[in-house]
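> Quick one: structure below, then a few questions.
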Amino acid sequence: MKQVAALTRRAAIHTILGVSAGAMIGGCVPGPSPSRRTFPAGLSVHLAEQSSGPGLQPLSSPAATVYLHPEPLITSADTSLSRVLASPFGDYRVVVQLKDGVPDRLAPILREHQGGMLAISVDGRLVSTQPIDDSSFRGRLTIANNFSKEDAETVARAI
């Protein structure tokens, strides 16, 4: 029964998904207004679109607005560790280790939506978007957004 529920959820996600190209979004922003749907505390990774559509929830940053599919692909419950790493470019990234089984659960969804976009929010704030490609979520998620060390540490603690 548990497997059937998982397949039904996956089928529902696949039914409502579209594909769009993505670009990096700059800066952390306040969460949605109280009249809108609230997002879970901690990490929430959703398939996202660049334009509005039925059932999609807007989430904005100073640079842009993206429209999230309702079901998160990953939440903080799917993670085991987050840490801050310096990039070779002088900024910082947050690397999040995913629990066993999560990459396998995501693989078919990511294959189906390759070239689409993922939106990464922390505590209801859009912190990054990234295109879906072959290397998405091979056991870990890297959140890159030209973070300062302090901003990266804040994001890692919230996850």
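> Need the full-extension length gain, Arg157 to Gln50, defined as separation in residues times 0.36 nm minus the C-alpha distance. One decimal, nm.
Extra length from Arg157 to Gln50 when fully extended: 35.7 nm.
> Hey, another quick one. Taking H placed 1.01 Å from N in the peptide plane, check which residues at least 5 places from Phe147 or on another chain put their amide H under 5 Å from its amide H.
Those qualifying (amide H under 5 Å, at least 5 residues apart or on another chain) are Tyr92.
> Under 5 Å between amide hydrogens, which residues at least 5 positions from Ala63 or on another chain qualify, with H placed 1.01 Å from N in the peptide plane?
Under 5 Å from the amide H of Ala63 lie the amide H atoms of Gly26, each far enough along the sequence or on another chain.
> While we're here: Rounded to the nearest 0.05, what FRET efficiency do Leu85 and Arg138 have when you use their Cβ-Cβ distance and R0 = 22 Å?
With a Förster radius of 22 Å, E is 0.85.
> Additional query: Given H placed on each backbone N at 1.01 Å, which residues far from Thr79 in sequence or on other chains put an amide H within less than 5 Å of it?
Residues meeting the amide H criterion: Lys99.
> Once each part is reduced to its C-alpha centroid, what is the distance from segment 99-145 to segment 47-62 in angstrom?
16
> Also, I was wondering about something else. For segment 51-120, which chymotrypsin sites (Phe, Trp or Tyr not before Pro) pass both filters: DSSP loop (anything but H, G, I, E, B) and at most 13 other C-beta atoms within 10 Å?
Within segment 51-120, the qualifying chymotrypsin sites (Phe, Trp or Tyr not before Pro) (loop, at most 13 other Cβ atoms within 10 Å) are Phe89.
> Per residue, how much accessible area does segment 83-138 have with a 1.4 Å probe, in Å²?
With all protein chains present, segment 83-138 gives 47 Å² per residue.
> Output ³J(HN,Hα) for segment 56-61: one whole-Hz value per residue in order, computed from phi by the Karplus curve 6.51 cos²θ - 1.76 cosθ + 1.60 with θ = phi - 60°, and x for Gly and Pro.
Each residue of segment 56-61 in turn: 8, 10, x, 9, 10, 10 Hz.
The values are calculated or read from the model by the stated rules, or taken from the named source; none is laboratory data. Note that this is a predicted model, so its numbers are computed, not measured. Quick reminder, even Gly has a Cβ in these numbers, built from the backbone with ideal geometry, and neighbours come from all protein chains shown. Side chains are part of the model used for accessible areas, which takes the heavy atoms of the whole protein and leaves out ligands, DNA and RNA. Shrake-Rupley method; radii C 1.70, N 1.55, O 1.52, S 1.80 Å.
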